[in-house]
Structures are given as C-alpha cells and as structure tokens.
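The values are calculated or read from the model by the stated rules, or taken from the named source; none is laboratory data. In this text, all values refer to a predicted model and were calculated from it rather than measured experimentally. When we count neighbours, we look across all protein chains shown, and the Cβ atoms used for this are built from the backbone with ideal geometry, even at glycine.
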Amino acid sequence: MKRKLEISELIFKIISYTLLTVFALACLYPFVYAISAAVSGRSAVEYGQIVLFPKDVQFDAFKRMFSDNMFWNAYSNTLFITFYGTVWALLYSILGAYALSKRRLLFRKFFNFFLVFTMWFAAGIVPQYLNYLDTQKVFMSVGITDDKWLVVIAMGMAAMNIILLRNAFEGVPSEIEEAAIVDGASEFQVLSKVYLPMSKSTIATVALFFGISRWNGYFWARQMISNSNEHPLQVFIRLRLEEFTDAEAMAGWNQPYASDSVIYALIVCSIVPILIIYPFIQKYFAKGTNVGGVKE
Amino acid sequence: MKAKAADFLIYDEATDSYRENPEQAVRDDVEKHYWLHVGRTILKDWRLYIMLIPMLLVFLFWRYFPMYELLGCFKVSDEVLPVSQQLFSGFSYFKRLLVGGDDLSREFWRAMRNTFILSFYGLCFGFPMPIILALFFNEIKSNIARSVYQVLTYLPKFMSTVVMTSLVVMLVKQGSLTSGMGIVSQALASLGWVSQDVANSGLLNNPAFFRPVYIISGIWEGAGYDSIVFFAAIIAISPTSYEAAQIDGAGKMAQMRYVVLPSILSTIVIMLITRIGSLLNIGYEKVLLLYNTSTYVTADVVSTFAQRYGLAGAAKGIASAAEMMNNVVGMLLVIGANTIARKASDVSLY
C-alpha cells in the first residue's frame, strides 16, 4: 500500500518537473536566442548557425542602433507617454474611485453603471478613430499640437482599474475616517492622509497596470501620431520590422552583422528596461490578479 | 427642532440605500421641490462631486462619444458632415454585410467565422494550460526552485504585443538555409513536422499555420501569468485534506480528483465564465501585427476587417456596421456570462 503511494507520487513529480522545465526553457529561449543573434557575426546568423550561444561576437548592430537618433527619440517619447499617462490616469481614477466608494454619494448606482457599461460595450475601432480625429482638432484649436498629449490624455482609461481602487477604498474602516473628520480633516485631507496610505499596495498595482499598458501601447499611437519624431518605441520597432525586408534587399549591404541582428538588437533593447525593474514589480503583478479574482 | 430641508434623504444602513426623511414637513417640501433638494444634498457634499467630474468627463468624451459616432452605421457615409447631419440609411449596411451575396459580404462572414474559430481554439487550448501549470507548481516543494520556475514562465507576459509579435515573426521567418531563415521554422523542418518548402516560404505566409502560431504564441505568452490565480487557490488547500486522503489510500490521481479539483472548481468556473464573456474581444492588435494579405483566409477577424475598410479604406459605414454586430454579440456574451456567474457562485464579476 505504502509503496504504491510513493510510486504514483514520484511519477507525477517527475512529470511535473520535466514539463515545467521544458515550458520554462521555452519561455526563456526566445530571449536568449534574440541576444545571441543580436551579437553574432553576419554569416553565422545568415546560415542559421546560432542555436543558443553567440558566434563571431560583434557589437556593431547595437552600436548602429545606439547611434540612431530616432531610436533615442522614440525611447524618450515612450517614457514621456508612460509617465504623464500614468500620472493623469491615476489622478482621475483615484478621485473618481474615492467618490464612488462613498455611500452618501447620490446617484451612486448610476455612476457605477456609467463606468461598468464601458466594459460591456465598446464602440469599436472606426467610431473611436473618428472621435480621436475630432479630439485632435479640438486640441489643435487650443494650441496643443504635440500628438503625444492626445495619447496621454485621451487614451488608456480602464474602468476595471477604477473598480479595483473603489473596492480598496471601501475596505478602509470608516472609524478611521470619522476620527479624521472629528480632528477637522477636510474631504481632500481624508483622501490623502487616510485613504491613500491605507490602500498603498492597490494603488501601486493599478499604477503598474496603467504604466504597462502605456509602455506597450501601439495601435492608437500609430494611428494618431503622424509626425515620426513623436513616435513611441513600439511604433518605431514595428516600422523598422516592416522596412526590414527593404533593408535586406538593399544593394551594397556590407556590414559585419546580418540585417536580422539589427531587429534582434532592437527587441533586446526594448525588453531590457522591463527586465531590470521586473523583480521589483513582480509581486504587485501577482497581487493584482488575486485582487481581480476575488471581487464581490 | 425644525428639520433641515437638506436632510430630506436619510441613509439607511440596513438596506444600503436612501429613504426619505419621515418628517411630514420635510416630505411635503420634497414633493414640491424634488430637484431643489437634490441640488442641496449635492451642495452639502460638493467636494465629492467635484472629485467625480474629471473621471466622468474622460469616460464621456472618449468612451461614450464614440458610441454616438457608431450611429454612423445607420447613416449614409459622408466624410464632410458630422453624424448628426448625415442622411438616415436604415439597415442597408447590415443587409449588405449579412445577405449582400457579393465579395464584401463573403469577406464579412469569413471574418465573423474566423473570430469565433480563433477565440474558440484559444479557449480550448489556452484555458487548461494555466491550470496544469498551477498543478505542476504545487508539486515543487522548494520555494526557491518554484519562484525561479514562476518568474521564468511569467516573463513573456511582460513584453509588449509589438515586441512579442516581432519576435514571433523573426523566429518563423521565411528564407533559405543560407539567408537567415527563422530558427523555429528551421527546427520544425529538420524535425520533419513541416515540409521544407513550407518552412522556406515562412509559416506566417501560409494560411494553414496562422491559427497554430497565434494560439501557441498566446499560450506561451499568457499561461504562466494566468496560472497565478489557480496556484493561489491550490496553495489555499489545507495540508490535512491531503493527509486524510492519503490515509484513505488515495494515490496521486485520486488526490487530484477528490481533493484538488473540488477545491479549485469555483475558481475554474469563474475564470471560464470570464473567458467566455470576452470571447469576441479578440486581441485585434495581435492579429493585425501577425497577419498579411496571404493569410486573410484564416486570420482576418471582424476588428481587422473593420480596420481595413474603415481606417485604411473609406467605407466607414460598412466598417461601423460590422463592428456594431460584433460588439452587440460580445456584450450579450458578457452579460450572459456574468448572470450565470452570479447565479452559480454568488460572485458577480462586475
């Protein structure tokens, strides 16, 4: 009896470890390959000799990219959009969520529905596009000509994040708020001195969700930003990938690196900042999904 | 003491709602000047309503105004005039798409079918993977080893869609053995899983391979991250449950069947319903970044159809009508799924 138990558990353990290892390596491999292909010599890449480790190491593909002003431009545009976009979205989301968490708010059910309905029904790409065109005109007329501000202000709202915040605020014990009011705190002080400190981790999670979606934003940035100096990194990468076939056919391609390596170098450069902050943000990410799972 | 008129509504803890102040004087007054009293109640808490305004405006401008623009699907498309001044055209676009009988209609139906097929496959193959991963994570008793595995499998989730698709495009790229063929197509060809010709012409240029590439890259990207929820449910199971099952002579499979599965069933059901609810909300960005003219047959979904005709082309009315149908079906799925979730588990998703 005892023996049988051990065998079935052992087999399952072996299967788990094997398949997990395979899957984990499959998750890791493309990154390792991208790095290797970015720093390998031209013939090694073109003849498909790179499997895991780089061959005939060169850094010219990286050098070429770092010397490209458009690359740095795109990077700074992405940082701009991510920073201001997150701050703006957090600002109205926190204020709105705070008001929504108050039971004494009149028409509270209506406001909640107003928010939740946008999760059920989205107008779609074409109406959204027409709307952004109008917004662009309005922004132009008040002197905002930089389309980055359009991306920052008019995009990236998420009802789900506001609901996460609202739930967190509702979880703050009302006695603490009452104590603060007795001490003479105003509405804004109650929010900033009581609610914000007490729901720090949810705010961090929501900020992370906003930030990641801003960093990754592509489609609307490409549709709405016509000036290539204002393109964020994601649009820059995609345009490079689309031009890539032309570059490959370019006559007199006479470099020590393959044209593939440039794309891989670009991919590596866009992942590295994420990888650097990854260990710090990972716990908030895990928390966010749990919060999302046990809503009531 | 004379009741203050502003207090015509009293908050009732028990029912979590307002009821009117029972004092007759107040009640009469309220009946006469309802909106005046609403105004006074708002004035008393004006800071709260000020806080609400930015959020309401943002959603009004960029979520609700587009819904108004969506009315363009009932109007004769005219680029110059605003929607309100365009001529009403009834359901002509819908008719054209649904029963037009021409190429456009066939293309729309193809897009509709592809949307369903792609999301259905995504559900069938993508949904069980995170659960299986979570079960496997549970087998690793060492915390450090498990964290390493988890961190590695979450990793692809942190890439943007653009970077992820760029990587996929590069890995299955066309070419020959001497001109930088993608490493994955190369490997598949040498394993004999795909023919050399197919690999040379690039997997993403072949309609038969779009769906597998789309689904597998989706699993690769999301399975690790999606397993977090299930893993949290599994580690919440008390060790004594396993011990009791072991004493009763349950092997590993029996423990899975009678201990683990019942404990995480509610999580599975909730996640499944969420997935079904967003079935038609297929990530058009990813399709757009992976497809090309040679794979429209299997890859074109309603959103990309609308994008092609409405944004790249000028058939805004047709495109809006297509999206309208997709969105309405999608909304019915969400509301249906949510109703079922509420009935089945007392957990409403919204």
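Within segment A:116-132, being in a loop (DSSP other than H, G, I, E, B) and under 22 Å from the mean Cα position of the chain (by Cα) holds for A:ALA122, A:GLY124. Among the residues making up segment B:232-252, those that are out of contact with any Leu (no Cβ under 8 Å at 6 or more places or on another chain), closer than 15 Å to B:LYS141 by Cα and among the hydrophobic types (A, V, I, L, M, F, W, C) are B:ALA232, B:ILE235, B:ALA236, B:ILE237. Identification of helices (runs of 4 or more DSSP H) wholly contained in segment A:149-251 with 2 or more residues that are of a type in the set (Lys, Arg), in contact with a Leu (Cβ under 9 Å, 6 or more places away or on another chain) and farther than 29 Å from A:PHE113 by Cα yields A:233-249.
Restricting attention to segment B:224-270, the residues being at the interface with chain A (Cβ under 10 Å from one of its Cβ atoms) and outside any helix (DSSP H, G or I) number 3. Within segment A:91-106, one or more residues are within 19 Å of the chain's Cα centre (by Cα), surrounded by fewer than 19 Cβ atoms within 10 Å (Cβ to Cβ) and within 13 Å of chain B (Cβ to nearest Cβ).
Of all positions in segment B:327-346, none carries a residue that is more than 8 Å from every other protein chain (Cβ to nearest Cβ), farther than 25 Å from B:PHE127 by Cα and either modelled with pLDDT of 80 or more or in a helix (DSSP H, G or I) (or both). The sole residue among B:TYR284, B:TYR242 that is in the same structural domain as B:GLY330 (by TED's automatic domain parsing) and under 26 Å from the mean Cα position of the chain (by Cα) is B:TYR284. The combined condition, being modelled with pLDDT of 80 or more and away from chain A (no Cβ under 12 Å), is fulfilled by B:LEU36. Is it fair to say B:LYS286 is in contact with a helix residue (DSSP H, G or I) (Cβ under 9 Å, 6 or more places away or on another chain), over 26 Å from B:TYR121 (Cβ atoms) and basic (Lys, Arg)? Answer is no for this residue. None of A:PHE83, A:PHE113 is without any contact (Cβ under 8 Å) to a residue 60 or more places away in the chain, closer than 30 Å to A:PRO173 by Cβ and assigned to a helix (DSSP H, G or I) except A:PHE113.
Among the residues of segment B:165-175, those that are in contact with a helix residue (DSSP H, G or I) (Cβ under 6 Å, 6 or more places away or on another chain) and either modelled with pLDDT under 85 or more than 9 Å from every other protein chain (Cβ to nearest Cβ) (or both) comprise B:VAL172, B:GLN174.
Quick one: in segment A:253-281, of everything that is aliphatic (A, V, I, L, M) and under 16 Å from B:PRO156 (Cβ atoms), which residue is surrounded by the fewest Cβ atoms within 10 Å (Cβ to Cβ)? Filtering segment A:253-281 for residues that are aliphatic (A, V, I, L, M) and under 16 Å from B:PRO156 (Cβ atoms), the one surrounded by the fewest Cβ atoms within 10 Å (Cβ to Cβ) comes out as A:VAL272. Residues that are of a type in the set (A, V, I, L, M, F, W, C), at pLDDT 90 or above and assigned to a helix (DSSP H, G or I) do occur in segment B:271-288.
Taking segment B:271-308 as the search range and keeping residues that are small (Gly, Ala, Ser) and within 12 Å of another protein chain (Cβ to nearest Cβ), which one is surrounded by the most Cβ atoms within 10 Å (Cβ to Cβ)? Restricting to residues being small (Gly, Ala, Ser) and within 12 Å of another protein chain (Cβ to nearest Cβ), the top hit is B:ALA306. Restricting attention to segment B:202-216, which residues are surrounded by fewer than 20 Cβ atoms within 10 Å (Cβ to Cβ), within 14 Å of chain A (Cβ to nearest Cβ) and at negative phi? Across segment B:202-216, the qualifying residues are B:ASN205, B:ILE216.
Please find, among A:VAL57, A:VAL45, A:VAL51, A:VAL32, the residue that is in a helix (DSSP H, G or I), over 30 Å from A:THR202 (Cβ atoms) and over 23 Å from the mean Cα position of the chain (by Cα). Residue meeting the stated conditions: A:VAL45.
The condition (being within 29 Å of the chain's Cα centre (by Cα), within 14 Å of chain A (Cβ to nearest Cβ), touching a residue at least 24 places away in the same chain (Cβ under 8 Å) and surrounded by 17 or more Cβ atoms within 10 Å (Cβ to Cβ)) is satisfied by just one residue among B:LEU97, B:LEU118: B:LEU97. Between A:ALA123, A:ALA99, the distinction of being in the same structural domain as A:ASN161 (by TED's automatic domain parsing) and either under 20 Å from B:ALA319 (Cα atoms) or touching a Gly at 6+ places or on another chain (Cβ under 7 Å) (or both) belongs to A:ALA123 only. When every residue of segment A:126-145 is checked against the conditions, none turns out to be within 14 Å of another protein chain (Cβ to nearest Cβ), more than 26 Å from A:MET224 (Cα to Cα) and hydrophobic (A, V, I, L, M, F, W, C). Looking only at residues of segment A:176-217 that are closer than 20 Å to B:TYR225 by Cα and surrounded by fewer than 17 Cβ atoms within 10 Å (Cβ to Cβ), we find that the one that is nearest to the chain's Cα centre (by Cα) is A:ALA204. Among residues belonging to segment A:152-175 that are small (Gly, Ala, Ser) and either buried (at least 16 other Cβ atoms within 10 Å of the Cβ) or in contact with a Gly (Cβ under 7 Å, 6 or more places away or on another chain) (or both), point out the one that is farthest from A:SER213 (Cα to Cα). Among residues in segment A:152-175 that are small (Gly, Ala, Ser) and either buried (at least 16 other Cβ atoms within 10 Å of the Cβ) or in contact with a Gly (Cβ under 7 Å, 6 or more places away or on another chain) (or both), the one farthest from A:SER213 (Cα to Cα) is A:ALA168.
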